[in-house]
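Here is the structure we will look at, set down as structure tokens.
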Amino acid sequence: MPPAQLGEKGAGKLKADQWRSLIEFDLPISMLRLYFFDAQSGDEAHNRRRKTMLQSTFNLAMAVRWGTSHRTSDGHVSKYMHYMKLYLTSVKDMGFELKPNHHHALHLPDFLPRYGPVHGWWMYPFERVIGILQKMNTNNRLGMHVAFIRQATYVLIVQ
Amino acid sequence: MPLYMVLVLQYLGHCARDTCNFVLQMTKLWVEGFFETFTPSSSDKRLLRRFPVDVRTVNSLFEVEPTTITYATCLRPECSAIYAPSYDHRRKQMVWPQECGSQKFKGGKICKTILTKSAVANGVSVQVPIRPFVAQDFVAWQGAQLCRPGIIDAVKSYQAFCKERAKSGELYDIADGSVFREIRDAHGHAFLPAPDGELRLLYAASVDDFNPRMNKAAGKSVSTGSIVLVNLMLPPSLRYKAENMFLLGIIPHPQPRLEAINCFLDVLVDSLLRSYHCGTKYSQLPSYPKGVRVRSALATVITDLPGSKKVRCNAAISHRLHPCSYCKQPYDGLIDLDYTGWQSRTTDEQREAGRQWQNAQDNTARSIIFESTGVRCSALHRLPYWDAVRYVVVDPMHNLFLGLVQHHVRIILGVNQATVRRRPPTTAQVEHVQTVLASNPSQTRLQKVPIDALRVYCERIGIRSATDQGTWVGKKELVRSLLVSICYSLTLPAVTKNFSFLKSHSSATERQVVCHLMLRTFLTDMVITEFLKRSSLPICQHHWQ
């Protein structure tokens, strides 16, 4: 669940799973409510921009939904590409700079037929292992690698 | 039961050894008291006699000690060569080479960095590695995993289940993906399914960096890397359990630079190559009472984007010509969304470029190959079945959630923009930019000036700081434009005032003098090339070469 004070200084850094929950549910619903159902201002340009933002957010949410589905097929790949291309075009049209992540998002579907749904090959399990390793006590002595690797292996086995 | 409790206290509760020993001794006292109340039998007395009082005994009883090899690693991050120990029978201890003997090129300079330092073990003076790399033995770990009850049955039943499920045409797991059918064995046949009498396994590797100090310690942060493998033949419910994941080793600080990571990947690749070509014959395993040969292959490497560049030894994401390891789009072309027009990279090209890079005789030859292909040699190229382009994945977690979604929320929607909004630069800051420029700065010096002050100054002298679409020009581009502009604006008296050596070139033209000036200020090739394109004097080019 993303923090309640998202946007404020107190919210801090979000984890990947919180961003995921944001785009899957919180953001589309909140934006729909704010930009569509609530009273609209008289300024035409402002309303148009809001509508573009809403459409863009929904395109991203749809692309993420098709891309991170628990089952995948050629149909999923083409849907993902369709929505991702719409999203990236809207980002470009709004005047924002595209980053390398945007480019690599278009390479992502090449891996879906080869490796199946993303749940089999994303980094969540490995980040969990990193989390276990980070919590281990090194006594700030990094030369103790022998003890570290043994303890790491023990922790993984005993867990 | 109390022994297992002590193990959990030690490894999960992070209790010190003394605390664990205290718990053991109290437990032993309690057991003694219990036996005094009821008459103990001879087996009870034997149990009491052998009850451990040190947690190290408990470790050996539960056989959780992993089989590890401690390599000595060169201290220099750009070398990082590793050396396995040998056993000295006379002194009865492990010994490592004293000095690093690696050479970047045949016949080139030998590293000669000291690898070991003195220490005391059991009252005896020994030499231990200064930067040890402790690696777990893959064969021993694999054997231990396959011996655990239910693992081999889980592998077989899951493969049968996937075979049935494949008829539906949809993919539910990595085991349904085409990579399981693509990989070939040494004879060119499909690696899976395994022939009779063999067990064949596919693994996924992950290489990731982390800070073992958890960013809590004041002072510089430390970065170490981890190499972890998972067995893809297990069902997902077992695959990602911590006890089924293989931690090969932790790459010690400092992080190896560029191709030096190959030294650590070589340990993994050596084990996988042996397993692929020869396999490992285990004399007895569950479901195989007469033994079985086990072969392994690597199906994929899972890392984030910067990590994938490091593991492949490719150019960085910010490289001008080769930012992408999957297609040949240059950095300026990343905004192009017509993916049908992108030219894909092939594994043969990558391998050939890596081979040429490895065989080059000096740094200049290597730089030329790298600039034209964006490839250095990677240890993974040694695996004969390895597809250098397609087998390293774009991690969806980092790309979609930490990349696209975060960018969308923070930059496009502007949530949390209050903390990143900057104040406009003061007049003093902008004038400081002018002072820096008047001192004939190098590119590195100008990069240190705050970006906002640079932008305002550029606008003032007529250099564009935003594109037609309204996006900001990057700092590197701004600095480049500024440096080229000052080269044109310099006059001969201003230059000779600062550089007395130029007085000997009194007959040279103004632009020739500026050329000397640029070489003295160590400007980058990029700036000089751009300047030369604009200037038409052949003399300038001769001096530059």
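Rule-based calculations on the coordinates, nothing more; no lab input. What you see is a predicted model, and the numbers here were worked out from it, not measured in a lab. All Cβ positions, even for glycine, are placed from backbone atoms using ideal geometry, and neighbour counts span all protein chains on display.
Odds and ends about this structure:
- Judged by the mean number of other Cβ atoms found within 10 Å, the most tightly packed of the peptides A:66-74, B:88-96, B:67-75 leads the ranking B:67-75, A:66-74, B:88-96.
- The range A:56-109, dipole about Cα centre (Lys/Arg Cβ +1, Asp/Glu Cβ -1), debye to the nearest 20: 120 debye
- Using the Stokes-Einstein relation with a Kirkwood hydrodynamic radius computed over Cα pairs, the translational diffusion coefficient of the range A:28-136 at 20 °C and a viscosity of 1.002 mPa s comes to 133 µm²/s.
- Euclidean distance between Cα centres, the range B:64-90 to the range B:328-353, Å: 39 Å
- Kirkwood-type radius of the range B:322-427, with distances r between different C-alpha atoms, in Å: 17.1 Å
- Taking 0.36 nm per residue of separation and subtracting the current Cα-Cα distance, fully stretching the chain between A:Arg33 and A:Tyr124 would add 29.6 nm.
- Amide N proximity, the range B:91-117 versus B:Gln361 label position 7 Å along Cα-to-Cβ, cut-off under 19 Å: B:103-110
- Remark: mean inter-chain Cβ contacts per residue of B:323-334 equal 3, using a 10 Å Cβ-Cβ cutoff to other protein chain atoms.
- Considering every alpha-carbon pair of the range B:113-262, the percent of pairs per 5 Å bin, from zero through the bin containing the longest distance, is 2, 7, 13, 14, 15, 14, 11, 9, 7, 5, 3, 1, 0, 0.
- Backbone HN-Hα couplings from phi across the range B:288-303 [Karplus 6.51/-1.76/1.60, Hz, Gly and Pro as x]: 9, x, 9, x, 7, 8, 10, 10, 10, 9, 9, 8, 7, 10, 10, 8
- Rel. contact order, % - alpha carbon contacts under 8 angstrom, at least six apart, the range B:257-341: 18 percent
- Shielding of B:171-182 by partner chains, average beta-carbon count, 10 Å: 6
- For the set A:Lys13/B:Lys475; A:Lys85/B:Lys156; B:Lys106/B:Lys475; A:Lys13/B:Lys476; B:Lys163/B:Lys309, the pairs lying more than 32 angstrom apart at their alpha carbons are A:Lys85/B:Lys156; B:Lys106/B:Lys475; B:Lys163/B:Lys309.
- Residue-averaged beta-carbon neighbours from other chains (10 angstrom radius) around A:87-100: 5
- On the beta carbon distance between B:Ser439 and B:Asn122, with R0 = 41 Å, the FRET formula returns roughly 0.10.
- The range B:282-338 gives an Rg/Rh value of 1.40, both radii derived from C-alpha positions and Rh following Kirkwood.
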